[in-house]
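One structure is given below, encoded as structure tokens.
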Amino acid sequence: MIDRAMLMAAGLGKRMRPLTATRPKPLVKVAGRALMDHALARMEAGGIRQVVVNVHYLADTVEAHLRVRKGDTQFLISDERAKLLETGGGLMRAKPLLGDAPFFCANSDNLWVDGPRETFDMMRSLWDADRMDALLLLVPLARAQCHSGQGDFHMDAAGRLSRRKPSHVAPFVFTGVQILSPNLLVDPPGDVFSTNIFWNRAMQAGRLYGVSHQGLWFDVGTPQAIPVVEAMLAHG
């Protein structure tokens, strides 16, 4: 049972300006609820009982928001106030809080709706520590709502992932949700770096896997995306 997760909530939210001039991006509201609360609700429904949250921009506001949340989830803060460490550096900073078992990790600015099966339960059922260092939840590019990219990954029949080639389109987009092995979080290249470093290592070892999300997924990266997402949620 993987019941621990990390929520990435330390970014500056530059693409979400001017909404992030006075609030951190995780607290921007979509459909009447802060972005991070959408993610936390999915985690709670998926049996997550402890969440590590990294903070940097307007960190006190994020911490205050977590303190008044109701429920049984325990929150641990990974403090990046002194220096924003990006996703890979943030994982390394949080590693002592994450323990020595596989854990979920999710971005706080992506919103998803479960498909036929609850997302975290489905990912748990596919996790195989003997074969995997990372299992990424992907969504087909054609169903990546409010997303303007060209895709991130190709996936073979066994679920192993490879990168999109430059100037090409890839069929799958990373949703921001993944399971990671703590064995992958070693030998950082510095303090500030991307999770891509860890993914590349796993890919070279044939241990980077993916699974296709069967529900809805929204890239809530800009103010313009919010009314589109709200309208789609309102109409199912």
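Once both labels are modelled 7 Å past Cα along the beta-carbon direction, what's the Ala157-Ala41 spacing in nm?
Distance between label points: 4.1 nm.
Dipole magnitude of the range 107-152 about its Cα centre, charges +1 at Lys/Arg Cβ and -1 at Asp/Glu Cβ only, in debye to the nearest 20?
Around 160 debye, computed over the range 107-152.
Mind checking the dipole of the range 4-234: about its Cα centre, +1 per Lys or Arg Cβ, -1 per Asp or Glu Cβ, Debye to the nearest 20?
With only Lys, Arg, Asp and Glu charged at Cβ, the dipole is about 380 debye.
Could you check the simple spin-label distance between Asp121 and Asp100, using points 7 Å along Cα→Cβ, in nm with one decimal?
3.1 nm
Rounded, prolate or oblate: which one fits the range 18-136, using the alpha carbon gyration tensor with axes a ≥ b ≥ c (rounded when a/c is under 1.5, else prolate when a/b beats b/c, else oblate)?
Oblate shape, in that a/c is at least 1.5 and b/c is the bigger or equal ratio.
For the range 4-234, what does the relative contact order come out to in percent, with C-alpha contacts under 8 Å and a separation of six or more?
26 percent
Shape call for the range 111-236 from the C-alpha gyration tensor, a ≥ b ≥ c root eigenvalues: rounded (a/c under 1.5), prolate (a/b greater than b/c) or oblate?
prolate
Among Asn107, Thr22, Ala170, whose Cα projects farthest towards the positive end of the dipole of the chain, with charges put on the beta-carbon of Lys, Arg (+1) and Asp, Glu (-1)?
Thr22
What whole-number distance in Å separates the alpha-carbon centres of the range 77-102 and the range 1-69?
Computed from Cα coordinates, the inter-centre distance equals 15 Å.
Of Asn107, Asn200, Asn54, which is the most mobile in a GNM of the chain whose springs link Cα atoms less than 10 angstrom apart?
Maximum fluctuation in the GNM of the chain, among the listed residues, is at Asn200.
I'd like the antiparallel share, as a percent to the nearest 5, of DSSP beta bridges with both residues in the chain.
Just about 50 percent of them are antiparallel.
Sorting Arg93, Arg201 on the 10 Å Cβ count, fewest up front, what's the list?
Arg201, Arg93
How far, in nm, would the chain grow between Asp72 and Thr222 when pulled straight, counting 0.36 nm per residue and subtracting the alpha carbon separation?
My answer for the length gained is 50.8 nm.
Can you sort Glu63, Glu80 from fewest to most other Cβ atoms within 10 Å of each residue's own Cβ?
Glu63, Glu80
Under a 5 Å amide H to amide H cut-off, with H placed in plane at 1.01 Å, what residues pair with Gly215 once short-range neighbours are removed?
Under 5 Å from the amide H of Gly215 lie the amide H atoms of Gly115, each far enough along the sequence or on another chain.
Given +1 on the Cβ of Lys and Arg, -1 on the Cβ of Asp and Glu, and no further charges, what dipole in debye does the range 67-171 carry about its Cα centre, rounded to the nearest 20?
300 debye
Once you order the gyration tensor axes a ≥ b ≥ c over the Cα atoms, which shape class does the range 114-158 get: rounded for a/c under 1.5, otherwise prolate or oblate by comparing a/b with b/c?
Verdict is oblate for the range 114-158.
Can you tally the lysine pairs in the range 4-234 where the Cα-Cα distance is under 23 Å and the two residues are eight or more apart, or on different chains?
Here the count comes out as 7.
Would you mind calculating the relative contact order of the range 153-236 from Cα pairs under 8 angstrom and at least 6 residues apart, reporting the percent as a whole number?
This gives 29 percent for the range 153-236.
Calculated from DSSP H runs of 4 or more alone, at -39500 (n - 2.57) each and per residue, what is the 222 nm mean residue ellipticity of the chain, nearest 500?
Roughly -7500 deg cm²/dmol at 222 nm, from the helical runs in the chain.
Treat each spin label as a single point 7 Å out from the Cα along the C-beta direction, and report the Asp191 to Asp79 distance in nm.
1.5 nm
For an R0 of 30 angstrom, estimate the FRET efficiency from the Cβ-Cβ distance between Lys29 and Asn200 and round to the nearest 0.05.
0.25
Since every read-out is calculated from the coordinates, none of them should be taken as a lab result. Remember, predicted model here, so these are calculated numbers, not experimental data. Methodologically, a virtual Cβ is constructed for each residue, glycine included, from the backbone with ideal geometry; neighbour enumeration extends over all protein chains shown.
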